[in-house]
Amino acid sequence: MQQPDTLSQTISSSWLAIGLVYVAALLQGLAMVSFPASGTILKTALGFTDAQYGAIFLPQVALAVAGSIGGGTLAEKIGLKRLLVLALAANALSQLLLASSVAVGPELAFGAVMVGTAAMGLGFGLSGAPLNSMPPQFFPEHRDTAVVAVHTALGLGLAVGPLIVAPFISAERWVGFPLLLLALCVVATLGVGLTALPGAEDEDDEDAGAGRPVGRGLFWLFVAIAVLYAFAEGTFSNWAVLYLHDGVGVPEATAGVALSVFWGALVGGRLLVSALVAHVEAKVIWLVLPGLMVAAFLLLPLAEGAASGIALFGLAGLGCSAFFPLTITLISRAFPEHVAWASSMMIAALMVGVGAGSFVFGPLRDLFSFARLYQLSAVYPVLALLLAALASRSGPCRQTIREMWTGSRCN
């Protein structure tokens with residue numbers, strides 16, 4: 001039997017480990033938003049053209065996909081704790097490069113920022129396995145809540161990042177923002193490296209690589225669902241300001257509020273769902289959320305001013321809120337022997353969708369009005385809902401799509 005002092009130290013150590021994992025998720029969100037939140041500095045102080053500014057996000061998407069795919073394999077070889085250390089270190093490097101862009105001169109600034117977004121994308125990709133695998137190990141009785149909560153922390157970082165950078169820009173001390181984030185990432189990296197993470201070294205079975213579910217229809221259904229969700233989220237978030245400003249005629253400053261409301265509603269929705277999943281089956285919530293996305297897409301073209309437009313982007317954020325975290329939760333249930341690898345593949349699918357969706361929407365603007373594009377974009381959550389309903393009927397076996405459709409179960 002443990003002595004009281006020993007038991008107290010064990011509990012304190014456990015909560016320190018849990019806190020570090022959730023802080024790592026928060027820092028990941030801050031790192032992800034640091035470059036777009038610094039967009040005015042990059043375009044004015046550093047002289048980036050619109051084309052250059054758009055190009056800096058290409059390495060982010062590419063390295064996020066590569067990090068996600070490689071992270072699932074690395075988790076089996078070096079463990080989740082070391083993988084999280086690498087992710088935090090990559091984010092720290094991204095902030096060092098972002099801060100250095102104002103010191104290296106215009107000739108090198110673009111290259112520094114490009115490498116910086118690549119490092120941040122790599123950090124995001126590598127963080128997928130540990131951030132989605134550790135929380136359920138910490139809270140085995142509340143696995144769904146634990147996963148949604150870690151995505152809530154990440155979303156909180158996305159939401160508050162622009163608010164944190166604003167005072168630095170107003171004081172003409174913008175460089176203090178990436179340096180602050182750099183310091184926090186370094187501290188978190190050291191903290192994770194020096195702290196014992198309960199369950200963090202539990203890896204997939206040694207022979208897991210040979211039995212990965214790449215040949216199973218259910219796995220590819222989840223991949224398709226994640227990509228379709230990413231199309232929807234990217235259309236909402238990447239084009240919110242332009243849609244309200246150019247399409248509805250809302251002043252640019254006011255239109256910017258819509259993006260903050262979208263992310264705020266996304267975070268609030270995740271907090272709500274993290275409580276609801278203790279009482280409502282996760283699949284039920286998962287199947288309801290696409291309906292809110294569809295409603296937002298169909299109603300946004302009817303917005304006649306700032307108030308209605310901002311409110312509808314809030315509805316969109318609520319619809320997007322917990323859909324992706326619940327997708328990771330449900331694929332982890334379906335393939336419990338491949339949690340780290342499967343969650344990494346979901347991150348890769350998300351980034352593929354974000355990257356492809358961002359580029360597809362632009363050229364379509366030459367063919368359709370903003371209002372028409374938003375109406376057409378409702379097809380993303382509709383298809384995601386259909387596939388999610390199909391996946392919810394399936395068992396985690398080597399079923400064909402026809403067997404899933406007819407509801408055939410595993411033998």
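The values are calculated or read from the model by the stated rules, or taken from the named source; none is laboratory data. Owing to the predicted nature of the structure, the values given are computational and were not obtained by experimental measurement. Cβ: placed from backbone, ideal geometry, glycine included. Neighbour counts: every protein chain shown.
Pick from segment 83-121 the residues that are of a type outside the set (A, V, I, L, M, F, W, C) and without any contact (Cβ under 8 Å) to a residue 40 or more places away in the chain: which of them is surrounded by the most Cβ atoms within 10 Å (Cβ to Cβ)?
This residue is SER100.
Could you say which residue among GLU76, GLU107, GLU172 is assigned to a loop (DSSP other than H, G, I, E, B) and either acidic (Asp, Glu) or out of contact with any Lys or Arg (no Cβ under 6 Å at 6 or more places or on another chain) (or both)?
Every option except GLU172 fails the conditions.
To keep it simple, each residue is scored yes or no on (1) hydroxyl-bearing (Ser, Thr, Tyr); (2) on the phi > 0 side of the Ramachandran plot; (3) touching a residue at least 60 places away in the same chain (Cβ under 8 Å); (4) touching a strand residue (DSSP E or B) at 6+ places or on another chain (Cβ under 7 Å).
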residue: GLY217; (1), (2), (3), (4): no, no, yes, no
residue: LEU228; (1), (2), (3), (4): no, no, yes, no
residue: SER237; (1), (2), (3), (4): yes, no, no, no
residue: LEU244; (1), (2), (3), (4): no, no, yes, no
residue: THR254; (1), (2), (3), (4): yes, no, no, no
residue: ALA258; (1), (2), (3), (4): no, no, no, no
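How many of the residues making up segment 128-169 are in contact (Cβ under 8 Å) with a residue 24 or more places away in the chain and of a type in the set (Phe, Trp, Tyr)?
Adding up the residues that qualify gives 1.
Being surrounded by 16 or more Cβ atoms within 10 Å (Cβ to Cβ), in a helix (DSSP H, G or I), modelled with pLDDT of 90 or more and not β-branched (Val, Ile, Thr) is the requirement here; does LEU156 meet it?
Taking the combined requirement at face value, the residue satisfies it.
In segment 66-82, which residue that is surrounded by 22 or more Cβ atoms within 10 Å (Cβ to Cβ) and hydrophobic (A, V, I, L, M, F, W, C) is farthest from VAL192 (Cα to Cα)?
Per the criteria, the residue is ALA75.
Would you check which residues across segment 161-178 are more than 15 Å from VAL102 (Cβ to Cβ) and either among the hydroxyl-bearing types (Ser, Thr, Tyr) or touching a helix residue (DSSP H, G or I) at 6+ places or on another chain (Cβ under 7 Å) (or both) and list them?
Selection gives GLY161, PRO162, ILE164, SER170.
Restricting the search to segment 11-47, which residues are within 30 Å of PRO106 (Cβ to Cβ), part of a helix (DSSP H, G or I) and hydrophobic (A, V, I, L, M, F, W, C)?
Answer for segment 11-47, where residues must be within 30 Å of PRO106 (Cβ to Cβ), part of a helix (DSSP H, G or I) and hydrophobic (A, V, I, L, M, F, W, C): LEU27, LEU30, ALA31, MET32, VAL33, PHE35, ALA37, ILE41, LEU42.
Of all residues in segment 40-66, which are over 16 Å from ALA112 (Cβ atoms) and of a type in the set (A, V, I, L, M, F, W, C)?
ALA51, VAL61, ALA62, ALA64, VAL65, ALA66
For the structure I just gave you, tell me whether MET293 is at pLDDT 90 or above, crowded, with 18+ Cβ neighbours inside 10 Å and within 30 Å of GLY215 (Cβ to Cβ).
Against the criterion (at pLDDT 90 or above, crowded, with 18+ Cβ neighbours inside 10 Å and within 30 Å of GLY215 (Cβ to Cβ)), MET293 does not qualify.
Any residue in segment 323-350 that is over 20 Å from MET120 (Cα atoms) and free of Cβ contacts under 8 Å to residues at least 12 places away in the same chain sitting within a Cβ distance under 6 Å of a residue that is of a type in the set (Lys, Arg) and in a helix (DSSP H, G or I)? List the pairs, counting only those 6 or more apart or interchain.
none
Would it be correct to say that ALA210 is farther than 20 Å from SER321 by Cβ, crowded, with 17+ Cβ neighbours inside 10 Å, of a type in the set (Gly, Ala, Ser) and modelled with pLDDT under 90?
Working: farther than 20 Å from SER321 by Cβ: yes; crowded, with 17+ Cβ neighbours inside 10 Å: no; of a type in the set (Gly, Ala, Ser): yes; modelled with pLDDT under 90: yes.
It is false that ALA210 is farther than 20 Å from SER321 by Cβ, crowded, with 17+ Cβ neighbours inside 10 Å, of a type in the set (Gly, Ala, Ser) and modelled with pLDDT under 90.
Name the residue, out of VAL261, VAL250, that is in the same structural domain as LEU373 (by TED's automatic domain parsing) and not in a helix (DSSP H, G or I).
Just one listed residue meets the conditions, VAL250.
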